[in-house]
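Take a look at the structure set out below.
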Amino acid sequence: MSNFSRQMRLSSSMIRRLHRRDADLSSRCFTTTEGHRPTIVHKRSLDILHDPWFNKGTSFSMTERDRLDLRGLLPPNVMSTEQQIERFMDDLKRLAVNARDGPFDPYALAKWRILNRLHDRNETMYYKVLIANIEEYAPIVYTPTVGLVCQNYSGLFRRPRGMYFSAADRGEMMSMVYNWPADQVDMIVVTDGSRILGLGDLGVQGIGIAIGKLDLYVAAAGINPQRVLPVMIDVGTNNEKLLKDPLYLGLQEHRLDGDEYITVVDEFMEAVFTRWPHVIVQFEDFQSKWAFKLLQRYRDTYRMFNDDVQGTAGVAIAGLLGAVRAQGKPTIDFPKQKIVVAGAGSAGIGVLNAARKTMARMLGNNESAFESARSQFWVVDAKGLITEERENLDPDALPFARKTKEIGRQGLKEGASLAEVVLLSAIASAKKMDKLNVIRPLAGVREVKPDVLLGLSAVGGLFTKEVLEALKASTSTRPAIFAMSNPTKNAECTPEEAFSIVGDNIIFASGSPFNDVDLGNGLIGHCNQGNNMYLFPGIGLGTLLSGSRVISDGMLQAAAECLAAYMTEEEVFKGVIYPSISSIRNITKEVAAAVVKEAIDEDLAEGYRDMDPRELHKLSQENGRVKNLGDSTSNEKTWLLGMEQVEELATYVENNMWSPEYPTLVYKRD
Ligand SMILES: NC(=O)c1ccc[n+]([C@@H]2O[C@H](COP(=O)([O-])OP(=O)(O)OC[C@H]3O[C@@H](n4cnc5c(N)ncnc54)[C@H](O)[C@@H]3O)[C@@H](O)[C@H]2O)c1
Ligand SMILES: O=C(O)C[C@H](O)C(=O)O
Ligand SMILES: [Mg+2]
């Protein structure tokens, strides 16, 4: 029996519940003076939802949803009209509240609503506005405002966007997927809402993040908006507030777990790849417990990747290499960097694995190189420093657990606080440097510190004054602070705090956008945005245009290298380690070209539309890219800055990017 047919067995209690609710609602809400006489409609599916005469939004009963091909096009919870009005009124009143995230924009949510209405009315115009003003509006349609949107989604929900596959749809997904009106879908971003940015479990409301990511796919990667599909897999929520909220739009059950959970996601994958065999699925904001498992489960069979694990890793590597260059050192000095990472979830572990691999490759790519690279990291999670003494240690974090022997020598212990680790890892690194006869000022232990402090903890303000003070005593010529957690209020520290406490000469990056800091005397403390938005659109586009069946480690590595090489020496020296978002379309084009090139080199490229693999191969031969990161003889020239342009491929990519222009329309009878 296939996975799919195994799931044909619906949860009967769930069905009974939904039908009971249907019956209640239809008797409550739709008895009019016209009695029960039905209205004949000549439309189905989205055409009904987009027609103000017939649309009932979340009030369509389950039987109507089935009859009118609406299943999956609405959040699963059927609402009464009273509930719909209550949601609307709550939202209307919320306008009076200063709805903002972070200190910047008190009108962020209002701007989102206006843009969203334009999105509903006229997609071409919406993307024209977004692309032309990407610096101003990316923070509205994407991080950080998208976090606020997800938190308030029940109130903000108007016209549905995307598809909802719920636990109650088990056994139905293969047919439901045909309710989506587009015959071609290139990109799906799917979430189960279990870890939305740093805001935790937001259940069905997490659909907002899939919508925001796909907005960037259209704006940055030029994916045709008619071929993107945001998806919410609603397997319930463990958010007690949402479970009790009568206006919540999702399934009000605790999350499915174990095999039950996996069979739902399996069925979804089977359904979408059956209807759209060439689609690419980006997994987004799954709690780490599932993020790694699902990635391992699907990555060799399907065209998929996990943005939080793999996209973030690439962006972090590019930034870490930028920080090395900003110190005036060659990138091959990266393996000497001492890095403290706060957060060992899907993002933190993704970054650690990629950084360790990159170091090991630079050191010769053998076992001792891997071992040596391991000792460059100190990892702190909610329970403090991770060591091999930790009980029930997550297997994904195990490779980074410090050894008992080492921590004894370093004066550290299992569970040591972040401030202790920042201070004491610095001492350890000083001792090692001493042994290596590297001259470092050792006047007092506080004089030495790690080179990098990187936060992916989702804990706002984690880099306290004490932690930053500890970092201040660094011997690094230019310590780097990556406060990568989102949204704004979850950032581990602000750039103001970092520059004012640690000093003007630091490198600073944050996941959400902050303004640069005026350091006085005409000096600017640059705030970089270290966000996976610089990579995921190019990874998706490159995969699409190469026609690769899978997304290999090499393709991800090529994307990261391309981003790292994007910045000039002059820029990194000024502390600018990531590009401006205003050039995101160009960056994405370059990243996509690098991904296509790698797919060709690995013999994975199967072509796209008229471009067959042979043609692609010819294009990539036009001018090759020197790629030498893994070479033990690599030096600055052959790695990174020796990366040649893949111009022909970049032109191929550019020619396949959609731009928002009105097409001429003509009418043709079916
Ligand atoms: N900038 C980016 O591009 C980017 C990309 C992915 C994730 N993120 C952000 O990173 C954060 C984490 O994402 P995730 O998927 O890894 O989440 P997660 O829930 O899987 O992991 C969070 C980790 O932080 C640890 N943690 C909690 N409290 C801590 C504390 N006081 N000190 C140290 N560690 C602590 C937890 O133990 C866990 O290991 C989120 O805020 C997310 O928005 C940013
Ligand atoms: O969504 C973002 O802004 C980045 C990242 O995917 C996150 O989960 O925080
Ligand atoms: Mg994410």
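What the table shows:
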item	result
Sole residue being crowded, with 21+ Cβ neighbours inside 10 Å, not basic (Lys, Arg) and not in a helix (DSSP H, G or I), chosen from Leu242, Leu229, Leu247	Leu229
Residue within segment 506-521 that is within 16 Å of ligand 2 (Cβ to nearest atom), under 29 Å from Met187 (Cα atoms) and in a helix (DSSP H, G or I) present	no
Residue that is nearest to Arg255 (Cα to Cα) [pool: residues in segment 280-293 that are more than 10 Å from ligand 1 (Cβ to nearest atom) and touching a strand residue (DSSP E or B) at 6+ places or on another chain (Cβ under 6 Å)]	Phe283
Any hit, segment 547-565, residues being touching an Asp or Glu at 6+ places or on another chain (Cβ under 6 Å), within 15 Å of ligand 2 (Cβ to nearest atom) and open to solvent by less than 10 Å² (accessible area, probe 1.4 Å)	no
Residues that are in a helix (DSSP H, G or I), over 24 Å from Gln529 (Cβ atoms) and of a type in the set (Gly, Ala, Ser), drawn from segment 116-164	Ser154, Gly155
Subset of segment 400-414 (residues that are open to solvent by 30 Å² or more (accessible area, probe 1.4 Å) and modelled with pLDDT of 95 or more)	none
Single unsatisfied condition, Glu389 versus (1) open to solvent by less than 50 Å² (accessible area, probe 1.4 Å); (2) in contact with an Asp or Glu (Cβ under 9 Å, 6 or more places away or on another chain)	(1)
Single residue of segment 206-220 satisfying the filter (out of contact with any strand residue (DSSP E or B) (no Cβ under 8 Å at 6 or more places or on another chain) and small (Gly, Ala, Ser)) that is surrounded by the fewest Cβ atoms within 10 Å (Cβ to Cβ)	Gly212
Of all residues making up segment 453-465, the number that are outside any loop (DSSP other than H, G, I, E, B) and surrounded by 24 or more Cβ atoms within 10 Å (Cβ to Cβ)	3
Qualifying residue in segment 183-205 (condition: under 16 Å from Glu284 (Cα atoms), surrounded by fewer than 17 Cβ atoms within 10 Å (Cβ to Cβ) and not basic (Lys, Arg))	yes
Count of segment 270-288 residues which are within 11 Å of ligand 3 (Cβ to nearest atom) and assigned to a loop (DSSP other than H, G, I, E, B)	3
Lys329 being farther than 24 Å from Tyr608 by Cβ, among the basic types (Lys, Arg) and surrounded by fewer than 22 Cβ atoms within 10 Å (Cβ to Cβ)	yes
Boolean, Leu156 is more than 16 Å from ligand 2 (Cβ to nearest atom), among the hydrophobic types (A, V, I, L, M, F, W, C), within 24 Å of Gln226 (Cα to Cα) and modelled with pLDDT of 90 or more	no
Qualifying residue in segment 376-388 (condition: assigned to a helix (DSSP H, G or I), at pLDDT below 95 and more than 16 Å from ligand 2 (Cβ to nearest atom))	no
Residue tally, condition open to solvent by 10 Å² or more (accessible area, probe 1.4 Å) and closer than 18 Å to Ala342 by Cα, over segment 504-528	0
Selection from segment 466-503 of residues that are more than 29 Å from Tyr142 (Cβ to Cβ), within 29 Å of the chain's Cα centre (by Cα) and surrounded by fewer than 23 Cβ atoms within 10 Å (Cβ to Cβ)	Arg478
Among the candidates Thr39, Thr63, Thr58, residue that is exposed (fewer than 15 other Cβ atoms within 10 Å of the Cβ), modelled with pLDDT under 95 and in contact with a helix residue (DSSP H, G or I) (Cβ under 8 Å, 6 or more places away or on another chain)	Thr63
Qualifying residue in segment 251-262 (condition: in contact (Cβ under 8 Å) with a residue 40 or more places away in the chain, within 22 Å of Arg161 (Cα to Cα) and in contact with a Lys or Arg (Cβ under 7 Å, 6 or more places away or on another chain))	no
Residue that is farthest from ligand 2 (Cβ to nearest atom) [pool: residues in segment 322-362 that are assigned to a helix (DSSP H, G or I) and among the polar types (S, T, N, Q)]	Thr331
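Residue-wise test of (1) open to solvent by 10 Å² or more (accessible area, probe 1.4 Å); (2) within 22 Å of Arg374 (Cα to Cα); (3) free of Cβ contacts under 8 Å to residues at least 60 places away in the same chain; (4) within 16 Å of ligand 3 (Cβ to nearest atom).
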| position | (1), (2), (3), (4) |
| --- | --- |
| Arg297 | yes, no, yes, no |
| Gln310 | yes, yes, no, yes |
| Arg325 | no, yes, no, no |
| Pro335 | yes, yes, yes, no |
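The values are calculated or read from the model by the stated rules, or taken from the named source; none is laboratory data. Keep in mind that what you see is a predicted model, and the values were worked out from it rather than measured. Virtual Cβ from ideal backbone geometry, glycine too; neighbours counted across all protein chains shown. Quick note on the areas: whole protein, heavy atoms, side chains included, nothing else; ligands and nucleic acids left out. Shrake-Rupley method; radii C 1.70, N 1.55, O 1.52, S 1.80 Å.
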